[in-house]
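The values are calculated or read from the model by the stated rules, or taken from the named source; none is laboratory data. Owing to the predicted nature of the structure, the values given are computational and were not obtained by experimental measurement. Cβ atoms come from the backbone with ideal geometry, glycine included; neighbour counts cover every protein chain shown. In case anyone asks, the SASA skips ligands and DNA or RNA and just uses the protein heavy atoms, side chains included. Shrake-Rupley method; radii C 1.70, N 1.55, O 1.52, S 1.80 Å.
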Amino acid sequence: MSRPRSGRSTAELLADFGHELPAAPAASISTRDPRLFATVPAGGPRRPGRGWSAASVPVSQWRMTSDQAACLWPMIATPALPPTGAQLGIDELSGGCFYADPLGWVLDEAVPVTNPNVMSYGKPGGGKSADPKAFITAMFDFGYKALILGDVKDEYEPLCRSQGVEPFRVGPGLPARLNPLDLGPLGDGWASLSREEIGRRAALLFPRWLGLLRSLVASQHVGDQRVPFSPTDARVLETVLKQLTGYSNGQHTLQVTTIPAVWDALNNPTNDLIVECRYESVRQFLDETRLVRDALAQLCTGALAGMFDDYTTISVDWTAPIQSLSLSRLEALGDEATGIALACVSSWGRGMREVKESGDLRINIRDEVWKQMRLGLAAVQNLDADLRLSRRDGEVNWMIGHKPGDSAGAGNTGTAARAIASELLALADIKILHGQEARVADELQALIGFSPLVHDLITGWATQRPGRAVWCVGPRLYKVQTVLHPIVKALAFTNQALEGAA
Ligand SMILES: Nc1ncnc2c1ncn2[C@@H]1O[C@H](COP(=O)(O)OP(=O)(O)OP(=O)(O)O)[C@@H](O)[C@H]1O
Ligand SMILES: [Mg+2]
């Protein structure tokens, strides 16, 4: 029996003052559907002979390394690189930072890289040149010094000036002269050297000069063909070089010589030269060296006259963080002239680096290297020799091109020059593949042998923004977006002309 209510409820009392309490919500109605199926435990109904298991016993076992396991878990990113060197951007597969440290990678046994050469390919405007600028800027802090071996667009000038260095300008009408036959530091103190040391230095100097002369001669054409350069020509030029420098006379100090002096010595051969090179007469000598003489004449009297045919007039401060040779003034003379200039600068640079102190870490940038490679097989071989020394010299050689086919010059398509350019690609253990057209990506795929996944990345993802590239560090692949610091971005800006047009 319920008790009678004594008094009024709170709601009634509040209503006297004009307040209404909200009504209590109606009791919720269950919306659950009636159960259609009876639940069964995960192990199946508990009855004899029933139930479920993932595999029949015994379970088969497989053993594999983490390398092989990648085929079962294909989305796992490549092992990360050590966080040393230049922090360049983001490794998009792992989401971590991407660091580039070519010399460090060579020294690290866990990274499958045996030489520190970098070859970067990509279509124009993809950020190929911005990468080394960001790299150099970061590596200055680790004591690296940079040498820009031919800045064909003068685009490294702001970077040089940011370090307080004024780049050298080479071009028609400018005062700077570079002698590709310079002795460099190897000529220092010749008089006080031991016989062994003289032999060692000569073994460095003469092949370097001969390599350059070979590539210069072979860059000239007879019709569609390159001027041939035979072992006899090599012997003649080597003898001339030894005579002009005074090496064959056992002189105490080596004399610096120039390309016009070599040309002159070939035009007016001495008796010693005729005898040493086993010619019967002056006439025979002149007849058989006509091609070489005429090819060298092109360099002394042609478009490049007055730039690489005299004694060097600039003095380079090798302790400066960066040195650069601006060559944009040569652009009007054509690709071949620029290529020849690059070959001369490259030889001159090698001479200057030959006796650098151990522990002196250098980065050599060869932007637009394809112009040099187009000079033909001999030029490619000369560059190839430089790359082979990079391990010994502790240098990072960073080369930039558009596509592998560029290295095959006119009349050379499919020939040995192209084959050596592929070899050159093989010599660089680190390859940076920026955005490309499908056709060029096919060519790269045939040369490097990467997977269709990489092909898709460089023809798609990498083309969508500058600074995107697939980095091949030995066999490992990294999908990298370079992130430029605002200061580096300002230094690496190369769209001034386009901006003006917009
Ligand atoms: N990672 C990046 N982030 C933002 N902008 C970038 C990046 N990399 C390059 N750029 C910009 O893109 C433009 C083109 O870059 P860059 O000159 O390096 O291209 P390139 O591939 O060397 O071109 P080319 O083949 O004409 O020499 C520059 O103005 C540069 O500032
Ligand atoms: Mg560039």
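For segment 116-128, which positions are surrounded by 21 or more Cβ atoms within 10 Å (Cβ to Cβ) and within 13 Å of ligand 2 (Cβ to nearest atom)?
From segment 116-128, those surrounded by 21 or more Cβ atoms within 10 Å (Cβ to Cβ) are 116-122, 126-128; that's our starting set.
Across segment 116-128, the qualifying residues are SER120, TYR121, GLY122, GLY126, GLY127, LYS128.
Taking segment 261-287 as the range and being under 42 Å from the mean Cα position of the chain (by Cα) and open to solvent by less than 40 Å² (accessible area, probe 1.4 Å) as the test, the residues that pass are ALA261, VAL262, ALA265, LEU266, CYS277. Checking each residue in segment 460-480 for being under 16 Å from the mean Cα position of the chain (by Cα) and either more than 16 Å from ligand 2 (Cβ to nearest atom) or loosely packed, with under 13 Cβ neighbours inside 10 Å (or both) picks out VAL470, TRP471, CYS472, VAL473, GLY474, LEU477, TYR478, VAL480. Scanning segment 481-502 for residues that are within 14 Å of ligand 2 (Cβ to nearest atom) and not in a loop (DSSP other than H, G, I, E, B) yields THR482, LEU491, ALA492, GLN496, ALA497, LEU498. Looking across LEU457, LEU453, LEU433, one residue alone is crowded, with 21+ Cβ neighbours inside 10 Å and more than 24 Å from ASN397 (Cα to Cα). It is LEU457.
Restricting the first residue to segment 267-284 and requiring it to be in contact (Cβ under 8 Å) with a residue 40 or more places away in the chain, which pairs with a second residue that is open to solvent by 60 Å² or more (accessible area, probe 1.4 Å) meet a Cβ separation below 8 Å and a spacing of at least six or different chains? Matching pairs, first to second residue: CYS277/THR232; CYS277/ARG235.
Taking segment 196-238 as the range and being touching a Gly at 6+ places or on another chain (Cβ under 9 Å), touching a residue at least 12 places away in the same chain (Cβ under 8 Å) and over 15 Å from ALA343 (Cβ atoms) as the test, the residues that pass are ARG201, LEU204, LEU205, HIS221, ASP224, GLN225. Under the condition of being more than 16 Å from ligand 2 (Cβ to nearest atom) and either open to solvent by less than 20 Å² (accessible area, probe 1.4 Å) or not small (Gly, Ala, Ser) (or both), which residue from segment 138-159 is nearest to ASP101 (Cα to Cα)? Result: MET139. Evaluated against (1) within 16 Å of ligand 2 (Cβ to nearest atom); (2) assigned to a strand (DSSP E or B), GLN372 falls short on exactly one condition, (2).
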